[in-house]
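*Asks:* Here it is, the structure in full.
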Amino acid sequence: MKITILAAPKRFDGKTRIIQDNAINSWIKLVGAENVCLFGDNETAGNSTRLGILYEKPETTETGLPLLSSILKIARDRFIDGYVLYVNSDIILLSDFTRTVELLEKNFEKGFFLVGQRTNLDVDNPIDFSKPEVEDELRKMSLVN
């Protein structure tokens, strides 16, 4: 099962950079760098390169905001295999996400549309997703909030 994750991040400044890097690194661990794509301006392109992931330049509004319609058109044309997920660039996804998609895939023959609920955590340090205990620590933090 292939999942491609798409996002249009904010500027990578200060705490926002840490938050977005944490989220994107969780996606890379989940689906692989070749299945993560950011949409945005030249700054986003540079950060995509820094993170080792894909980049696409979408059409934008007059103020430079990426158009969702353009992102979805690019996704439809470029990412034709598997599932495509559009997610806000501050959302950390854990390994149970793919298990959920697999369960839905088995139970819905004609596809599905998945919407989630977020839990806000105050994490202002980089997260090392290579450590096996990280997911359990994040789950415990989410129960406190």
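*Asks:* If you go through the range 61-83, how many residues are in contact (Cβ under 8 Å) with a residue 12 or more places away in the chain, under 21 Å from Leu114 (Cα atoms) and in a loop (DSSP other than H, G, I, E, B)?
*Replies:* Residues that pass the stated criteria total 3.
*Asks:* Please identify the pairs in which a residue from the range 89-114 that is touching a residue at least 24 places away in the same chain (Cβ under 8 Å) and outside any helix (DSSP H, G or I) has its Cβ atom under 7 Å from the Cβ atom of a residue that is β-branched (Val, Ile, Thr) and open to solvent by less than 80 Å² (accessible area, probe 1.4 Å), counting only partners at least 6 apart or on another chain.
*Replies:* From residues that are touching a residue at least 24 places away in the same chain (Cβ under 8 Å) and outside any helix (DSSP H, G or I), the pairs are Ser89/Ile24; Asp90/Ile19.
*Asks:* Oh, and also: Kindly indicate which of Ser95, Ser89 is under 15 Å from Leu6 (Cα atoms), surrounded by 10 or more Cβ atoms within 10 Å (Cβ to Cβ) and of a type in the set (Ser, Thr, Tyr).
*Replies:* That would be Ser89, the only listed residue that is under 15 Å from Leu6 (Cα atoms), surrounded by 10 or more Cβ atoms within 10 Å (Cβ to Cβ) and of a type in the set (Ser, Thr, Tyr).
*Asks:* Okay, next question. Restricting the first residue to the range 117-134 and requiring it to be closer than 21 Å to Val87 by Cα and part of a loop (DSSP other than H, G, I, E, B), which pairs with a second residue that is among the basic types (Lys, Arg) and open to solvent by 80 Å² or more (accessible area, probe 1.4 Å) meet a Cβ separation below 8 Å and a spacing of at least six or different chains?
*Replies:* Close Cβ pairs (under 8 Å, with a partner that is among the basic types (Lys, Arg) and open to solvent by 80 Å² or more (accessible area, probe 1.4 Å)) amount to Asp124/Lys15; Phe129/Lys29.
*Asks:* Return the residues of the range 31-60 that are assigned to a helix (DSSP H, G or I) and surrounded by fewer than 19 Cβ atoms within 10 Å (Cβ to Cβ); say none if nothing qualifies.
*Replies:* Selection gives Ala33, Glu34, Asn42, Glu43, Ala45, Gly46, Thr49, Arg50.
The values are calculated or read from the model by the stated rules, or taken from the named source; none is laboratory data. These numbers come from a predicted model, not from an experiment. As a convention, Cβ positions derive from the backbone with ideal geometry for all residues, glycine included, and neighbour counts pool all protein chains shown. The area values use the complete protein model at the heavy-atom level, side chains included, leaving out ligands, DNA and RNA. Shrake-Rupley method; radii C 1.70, N 1.55, O 1.52, S 1.80 Å.
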